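Only the coordinates and a few stated rules stand behind these numbers; no lab work does. Just so it is clear, the structure is predicted and the values come from calculations on it, not from any experiment. Neighbour counts run over all protein chains shown; Cβ positions are idealised from the backbone, glycine included.
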Amino acid sequence: MAAATSDRDVKALDDELLSRKSGAITALMKALPSLPPDQRREFGSRVNAFKTEVEAALAARAAALAASRPPAGSVDVTLPARERAIGRVHPLMQVRQQVEDIFSRMGYEVLEGPEVEDDFHNFEALNMPPDHPARDMQDTLYLATPIVGGTWGAHRGPVPESQVRAATLLRTHTSAMQIRYMKTFPPPVRILVPGRVYRRDDLDLTHTPMFQQFEALVVGEGITMADLKGTLLTLARELFGDVAIRLRPSFFPYTEPSAEVDVSCRACGGTGCSVCKGTGWLEILGSGMVHPAVLEAVGYDTEKVSGFAFGTGVERLAMLKYGVDDIRLFYENDIRFLEQFPA
Amino acid sequence: MKVPYSWLRELTDVSAPAADVAATMSVRGFAVEGIDLQPDGDAVLDFEVTANRPDCMSVRGLAREVATAFGLPLREVPSLAELRDGPTPAVSIDIERPDLCPRYVGALATVAVGSSPDWLQTRLRACGVRPINNVVDVTNYVLLELGQPMHAFDLTRLSGPAIRVRTARPGETLRTLDGQERKLAPDMLVIADAEGATAVAGVMGGADSEVGPSTTRILLESAYFNPLSVRRTSKALGLKTEASMRFERGADPALPARAMARACAILREIGAGSADGTILDCHPAPPSARRLRLRRARLAGLLGVAVPDDDVARILDALGFALTPTADGWDVDVPTARVDVAREVDVIEEVARHHGFDKIPSTFPALTVPPPPSDPRVAQARHLRDLLTGAGFFEAVTFGFIGQQAAQPFGASDDLVALANPLSETFAVLRPSLLPGLLDGIGHNRRREQADVRLFEIGARFGKAAGERRALAFAWTGAADPPHWSAAPSPVTFFDAKAVVERVALALTVPVVVEPHEADYLVKGQSAAVVCGGQRLGMVGRVAPAVAEHHGIPREDVVFVAEIDLDAAVAHTRAATRVDPLPRFPSVSRDIALLVDDTLPAATLRHTIRIAAPPTLVQVREFDRYQGKGIPEGKLSLAVRLTFRSVERTLTDAEVQTAVDAVLGAVRTQHGAVQR
């Protein structure tokens, strides 16, 4: 009976023992008349009892087998799910959104500006007059014919010059929005401008002719370089965890003093490794106190207000954060790359 | 700027290991990009000099910075003081354009051209300069040591002893030292003899007056040229030299005479020759000394930390500034070499740099006014990203410029915005649409075993007429749903793409309708416009096979795309949400199957039904569409569910039947549609 592991086995056993034609127990009953009369009674009752026992056992076995079977409507829960397709936010936009969140929480107005610009906003007002050698630092792409640029500031009501009337170039940095904003609104200023910028750089491991930047600008009474440092430290820790920062003197025409900002290398903890090229530090952005010439260009009183600004490429941050060693991966849009980032 | 450590130590007694000097100078504004150990045990430090510090494109300038950083004295470079006392040389210098050449120092020398001594050659090589001969090497040595570009002319190859500093004559040409024949423009400053130009001022000398083995007498030039003039000339000629790089950033106007004395001293020291008499210093426009005010309060106010007076004085003095104390700070006389220091804040930077940025504390700017709201476009982009990733799309980021040919089907050719100086043909025009970039992305993935690809992008697109506009676009190829064992895969259709468009419109709170419309890049009969209030906001449809193929997608692949002008949508967004009360009475539905012409758009039929029905008709929904057996040629059966509801009471069967009869009557008379 124990060997019967399916309904079929039970049926076979039933047939073998109880079949009307050829069952073994049936055969015993059929043999009854051939026995001497005095034995028939006892034989008959013993065979009947046995038959009842066998029937009960078969029924019990059948019931046990039925109980072990999955109930109607059962499913194999180990089969693959019916997936709904799910995409990903691009890693550069994930970093951008994270930066937007950090600054929103710090009370910054996050806003976008036009990607095509004019010379005044992109260069001249940022203390880079025509023929300034610093223009070589940002090789510019020019338009063959001027066009109207994108709008900005609609959320602040009617903004004069909310559109570039005759854009002649692709902006080389988001700093152009410093000028547009300050020319429109009086201090204090606390803005974050994320967006795409363009430079005449060939594609290689670390350069693309278009990349994502963000720019922070704070102007008001009594804004100091210490405020800049505190803000940068907050940003660095939000992005990279428990890191230290280091400011190194540098040069940008639109800030004075100017500083490159490094974060301590997380890969080695600052002792030097291949990621940080042995220095223990990784350069993440450029910063400085807004140059008085810039404040003057927008009509601010440099005796009353001061400010800081900083900006960087989102790619650089994303490469450090995610361990990406070829910037071009961000622009191939290969799904096998994109799906590695959190949904 | 490569500097041998031994050379630095000639000017200041720095004793720290080269690596320590590098580490210190990196936080003083001069990053060291590498340290190269020499066979003789010397180390060459490669300093990165920012564009504002031409004074540090010299060993002496960097030595001053090192001395300041390490608190050490700086030694002066020895020169020949007695040069000033000799007889006036037999050469005349006429500066026609003192605005472009405020100072020109000349000297004559008798020389024996040969090789420089080993020590000199070694130094030049360490700095990355190829030794030529002793005379040229001396000019290069002084350039490296002091930062003053110099030039030596072979006097016998000049036409006469009269030098003119003038702009080029129309059509004038010059063969420069690199052997190139240069066409000179009339705004270019040249050094000329009686015959013509012999050097491009501040950029490169002429080949005809080049110092060679047979040269015996030279004219040495040490001048100050206008930065802008040199920069323009250098750019126009496409000729960047050690000299032009220094002049265009701003040389030290006080340096030419000292550099000349230094050059003559070295010539004599190495036995290469000696000056004939004194030097000629034509100085028609002497520079005025700059005096700036440095206020103690301003210094502390900008840095956020007070710097002790002693430190201010020590740092500025070491950098060569002269200080006079005033009531609220100092008057500061700026050394002539420091062309970058033009206002108070520049002096503050000098103090901050050497005081150490690490001594500035970390504070946080006070919020003094309520923060203004952020640009809603930022939040909108996030909303759209969430919606589209939830719908299975990967966000792509593609370049803002594309090839002319790729752009063509997506924008009228006279509307494309070309770049004046594109990097290459593939980046020649600003994208008129986000779709070419997305199709490139589809093609890229398609070639990498990815058959099911959904991409979207949010970004700017450009046209001459409309200018810069923000748009959202998506592209979808392959299956409508991820493969599953329970069902056969079904490919993406127009209606999958339309559903995404409608969800986007819902997110934008813009009511849109989708109407037949053709576009060059879409397949006829499978393309539509997305319209709101009569204005076309975008397109949706199947990509034409030829266009797909251009982006590396097989012709037979089905790709659906859509693009929405986000800037145009803004004008149609619903202002605010007002909630309707929930229905209090039950609805009644009736299904009707209509036999209609197969060319009749569903929207037209739906419109007729809505007009014919009473206001209790709250929804019309097509739920089955059949063509084939039992349906005549040119006809199809469309099953429509009509839902009625009153806000006042429960509708009676008779009322509903009357409404359905009205609908049936209208579709019969207007479209010849009969109930099956």
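Between residue B:306 and residue B:115, the distance separating the two model label sites (each 7 Å from Cα on the Cα→Cβ line) works out to 6.4 nm. Based on the Cβ-Cβ distance of residue B:94 and residue B:159, what FRET efficiency does E = 1/(1 + (r/R0)^6) give at R0 = 25 Å, to the nearest 0.05? Working from the Cβ atoms, E equals 0.95. When Rg and Dmax are taken over the Cα atoms of chain B, they come to 39.9, 127 Å.
Cα centroid separation, the range A:181-205 to the range B:640-676: 59 Å. Here the gap between residue B:324 and residue B:342, fully extended at 0.36 nm per residue and compared with their Cα-Cα distance, gives a gain of 4.7 nm. Peptides B:580-587, B:550-557 ordered by packing proxy, namely the average of other Cβ atoms within 10 Å per residue, highest first: B:550-557, B:580-587. Each label point was placed 7 Å from the Cα along the Cα-to-Cβ direction; for residue B:580 and residue A:66 their separation is 5.4 nm. Kindly express, to the nearest 10 degrees and within the range 0 to 90, the angle between helix B:344-355's C-alpha long axis and the longest C-alpha principal axis of chain B. Between helix and principal axis, roughly 80 degrees.
With contacts taken as Cα pairs under 8 Å and at least 6 residues apart, the range A:86-183 reaches a relative contact order of 35 percent. Karplus-based coupling profile of the range A:111-122, in residue order and whole Hz: 8, 9, x, x, 8, 9, 9, 10, 4, 4, 6, 7, with θ = phi - 60° in 6.51 cos²θ - 1.76 cosθ + 1.60 and x standing for Gly or Pro. Other protein chain C-beta atoms within 10 Å of residue C-beta, averaged over B:443-449: 2. Peptide A:139-150 shows a mean partner chain C-beta count of 6 within 10 Å per residue C-beta.
Determine which aspartates and glutamates satisfy two conditions relative to residue B:235: a Cα distance under 20 Å, and not lying fewer than 8 residues away in the same chain. Qualifying aspartates and glutamates at Cα under 20 Å: A:119, A:124, A:131, A:136, A:139, A:201, B:99, B:172, B:178, B:181, B:187, B:248. Each peptide among B:15-22, B:340-347 gets the average number of other Cβ atoms lying within 10 Å of its residues, and from highest to lowest they stand as B:340-347, B:15-22.
For the residues A:143, A:203, A:65, a GNM of chain A with alpha-carbon springs under 10 Å puts the largest fluctuation on A:65. Principal axis extents of the C-alpha atoms in the range A:1-156 (largest first, rounded to whole Å): 133, 37, 27. Over the range A:7-68, what is the relative contact order in whole percent, taking alpha-carbon pairs under 8 Å and six or more residues apart? RCO, the range A:7-68: 31 percent.
Post the alpha-carbon centroid distance, the range B:532-563 to the range A:125-146, in whole angstrom. The distance from the Cα centre of the range B:532-563 to that of the range A:125-146 comes to 37 Å. What angle, in degrees between 0 and 90 and rounded to the nearest 10, separates the Cα long axis of helix B:494-507 from the longest principal axis of the Cα atoms of chain B? Taking the Cα atoms of chain B, the angle to B:494-507 is about 70 degrees.
The residues neighbouring residue B:31, those whose beta-carbon lies less than 11 Å from its own, together hold a net charge of -4 under the Lys/Arg +1, Asp/Glu -1 convention. Label point of residue B:40 set 7 angstrom out along Cα-Cβ; within the range B:250-285, amide nitrogens under 19 Å from it belong to B:266-272. Across the protein assembly as shown, Cα-Cα pairs farther apart than 40 Å form 59% of the total.
Our helix-only sum for the protein assembly as shown, with -39,500 (n - 2.57) per DSSP H run of n ≥ 4 divided by its residues, gives a mean residue ellipticity at 222 nm of -9500 deg cm²/dmol. Sorting B:511-521, A:208-218, A:269-279 by their mean Cβ neighbour count within 10 Å, with the most densely packed peptide first, gives A:208-218, B:511-521, A:269-279.
Using C-alpha pairs below 8 Å separated by at least 6 residues, the relative contact order for chain A is 16 percent. Size descriptors for the range B:530-676, from the alpha-carbon set: Rg then Dmax equal 20.5, 61 Å.
Couplings 3J(HN,Hα) for the range B:315-325, derived from phi with the Karplus relation 6.51 cos²θ - 1.76 cosθ + 1.60 (θ = phi - 60°), are 5, 5, 4, 4, 7, x, 7, 9, 10, 10, x Hz, where x marks Gly and Pro. Residues in the range A:172-186 carry Karplus couplings, in order, of 8, 7, 6, 4, 3, 6, 3, 5, 4, 5, 5, 5, 9, 10, x Hz; the curve used is 6.51 cos²θ - 1.76 cosθ + 1.60 with θ = phi - 60°, and Gly or Pro positions show x.
The H on the amide N of residue B:517, modeled in the peptide plane, is under 5 Å from the matching H of B:527, B:528, B:529, each at least 5 residues off or on a different chain. For peptide A:250-263, the mean count of partner chain Cβ atoms within 10 Å of a residue's Cβ comes to 5.
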